[in-house]
Amino acid sequence: MKRAAFLLLLITASQAIPAEEIAVQPNIDSVGLFKNGLCVVHSFFEADAPGIYRWDDPPRCVHGTFFVESEGSVVVWSTARKVADPDSVNLPTGTLQTDLAGATVRLTLSTAPNTPPVEITGTVWKMPEPKEAPRIWNTQFESDPFSYSSRLQNGTVPPAPAPSTGGFLVLEGSEDANVPADTGRRFVSLGSIDRVEVLEMPRREAGTKEQGVLLFVVAKPGPVRISYLTKGATWAPSYFVDLKDAKTLRLNQTAVVKNELMSLSGVELSLISGFPNVAFSHVDSPLWQGSTLAGFFGQLSSQPGRGGSSLMMQNTMAYNSRSTEAMALPDLQEPGAASEDLHFESLGKQTLAKGDALSLEVAAGETGYERVVEWTVPDTRNAHGQYTGNEQGNPADGSDDPWDAVTFENPLKFPMTTASATIRDGGKFRGQSRSDWTNPGQRNCLRITKALSVQADHTEVEEPGKREQEIWIGGRRYFRSTVKGTASVHNFRGQPVTLLMRIRFSGELQEAELAPQDTLRHEGVFSVNPRHELEWKVAVAAGAEQKVTYQYTVLVMN
């Protein structure tokens, strides 16, 4: 019944709405930019009366995000039209039959020596355009629905050879007195032609190209609002941390906006930061004329991020590409709006041509800071408590060595998003670090340079005689081991340092010296051993050494 009602609606609408198409170009209200190349676009056009409105060359949208709102019902068709191509140029092809098609020419033919030349006048025959090759659809998937995405094929018959007249120039009619005018076509051997004179060249029409269009069948007059997700514009944040004096720093956030989407004129731009879920960001909407069923189902069955490059989401600008939180298309008209853990920072109305980039300051603030030596010891065990020897940090890049760092609380009124952070002291470059997501008022720690004058050492050993055997968990056999760890730091500097030391391990903490802060790490949710991070903040005098010990138990699979 629903299908019948829908068909009735279409028939009624087609009878009441004029068939003439009205070309429109929706006005862009706002564009919200993600850091991975996706953007949320809000646009509209005015429908003065019921009718069919045509949007030429519409955008390539993400599947499931194209949404239309209006005063009445709107039916959208995606189809193709042949349109004039002003950029087309009729360059010579080297084939007379093609280059002179429709022209009136006089041919001078070669003859035997001492024989007057022969001239022929006629119109060069214009060959008809070849038909498109039919598309072939493989329906084998009907017998195996679980693997049809791999069975779908969108093939074409191999293209037919390009039409040719062989070694002849074909004329239609002739003004040769010795040849009747109604003889039809005449084939003149190209090898016998000495000269070609063009007496009249037909007017060449502009070239055409096939272009996708969207047809909106609008039932009531009024604004038609369109929102969608597409690719083509992004923003890249950067932070500059200036250490003004021994206690205060100034934080500046800048953004570079890169536009490869379309020319924007007076459009409200918003920077979106957060960790949104865009489950179909790699899938093109079937409304896009460049899509095929094979491509659509292939994209649906693919898993972005595995085994190669994928959307948007695949480089340092794509920190925030996906998460487990759902994402709706937000209203971007309110500057500084937030939706759960998404933040929208307005840049106001901007004009940006396609291909241009824009750099500007977004926010700034001042806060107190502390210079520390930060040392993080990574976990060396896998999910089953087994020692791997491959630390989760990367020892080759010195990530587990002590670093001079600066700690401070985010002074901005909104979160610091994941971005590069350049540290300057007295206007001079000191280092560049990666700043992760930091909420307002939350502590951030940025590394500046490796602390070569502070040496650190860390060891862990199993306590002898404290191993507990035969513990069965989930059908696997484990033993419980007691491990003692020792961390020592020697300060070779001529002044004291504040040490911020973090040690990560898997197991159950038994005891630790100097009462460190114990935090459960989220990555151990599915591990038989909880993942811990111990953090000490201690002062180490000039030339002195600081040592701490801790002890924990860990389940190790046999």
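Only counting other Cβ atoms within 10 Å, I'd like Val40, Val256 sorted with the fewest neighbours first.
Lowest count first: Val256, Val40.
Taking the alpha-carbon centroid of each part, what is the distance from segment 244-264 to segment 27-79 in angstrom?
30
Give the order of His458, His63 when sorted by the count of other beta carbons within 10 angstrom, beginning with the fewest.
Ascending Cβ contact count within 10 Å gives the list His458, His63.
Please list 3J(HN,Hα) in residue order for segment 369-381, calculated via the Karplus relation 6.51 cos²θ - 1.76 cosθ + 1.60 where θ = phi - 60°; whole Hz, with x for glycine and proline.
8, 9, 8, 9, 9, 9, 9, 10, 9, x, 6, 10, 10
Distance between the C-alpha centers of segment 185-209 and segment 113-127? Whole Å please.
12
Where does each of Glu268, Glu260 land when they are ranked from fewest to most other beta-carbon atoms within 10 angstrom?
Glu260, Glu268
Using modelled backbone amide H atoms (1.01 Å from N, in-plane), which distant-in-sequence or interchain residues come within less than 5 Å of Arg493's amide H?
Excluding prolines and chain starts, which carry no amide H, the hits are Gly543.
If you take every residue apart from Gln546 with its C-beta less than 14 Å away from the C-beta of Gln546, what net charge results, scoring Lys and Arg +1 and Asp and Glu -1?
Result for the local shell: 0.
Quick one: Karplus J couplings for segment 492-497, per residue in order, coefficients 6.51, -1.76, 1.60, θ = phi - 60°, nearest Hz, x for Gly and Pro?
Per-residue couplings from phi come out as 8, 7, x, 9, x, 10 Hz.
Which of the residue pairs Lys247/Lys413; Lys209/Lys354; Lys35/Lys209 have a Cα-Cα distance greater than 32 Å in the structure shown?
Long pairs (Cα-Cα over 32 Å): Lys35/Lys209.
Which net charge results for the neighbourhood of Pro221, defined as the other residues with beta-carbon distances under 12 angstrom from its beta-carbon, given Lys and Arg at +1 and Asp and Glu at -1?
-2
Please list, in chain and number order, the residues 5+ apart from Lys220 or on another chain whose amide H is under 5 Å from its amide H, with Hs placed from the backbone.
Under 5 Å from the amide H of Lys220 lie the amide H atoms of Gly72, Ser73, each far enough along the sequence or on another chain.
May I ask you to list the lysines whose Cα is less than 18 Å away from that of Lys547, ignoring any residue fewer than eight positions away on the same chain?
Lys484, Lys537
Given H placed 1.01 Å from N in the peptide plane, which residues other than close sequence neighbours of Asp284 have an amide H under 5 Å from its amide H?
Amide H neighbours of Asp284, under 5 Å, 5+ apart: His63.
Less than 11 Å Cβ to Cβ from Thr111, Lys/Arg counted +1 and Asp/Glu -1: what total charge do the surrounding residues give?
-2
Distance in nm between label sites at Lys349 and Asn252, each 7 Å beyond Cα in the beta-carbon direction?
2.8
Each residue of segment 344-357 in turn: what ³J(HN,Hα) in whole Hz from Karplus with 6.51, -1.76, 1.60 and θ = phi - 60°, glycine and Pro shown as x?
Result, ordered by residue: 10, 10, 7, 9, x, 7, 10, 10, 8, 6, 5, x, 7, 10 Hz.
Each reported figure results from applying straightforward, stated rules to the coordinates on display, with no laboratory input. Owing to the predicted nature of the structure, the values given are computational and were not obtained by experimental measurement. Backbone-built Cβ (ideal geometry, glycine too); neighbour counts: all protein chains shown.
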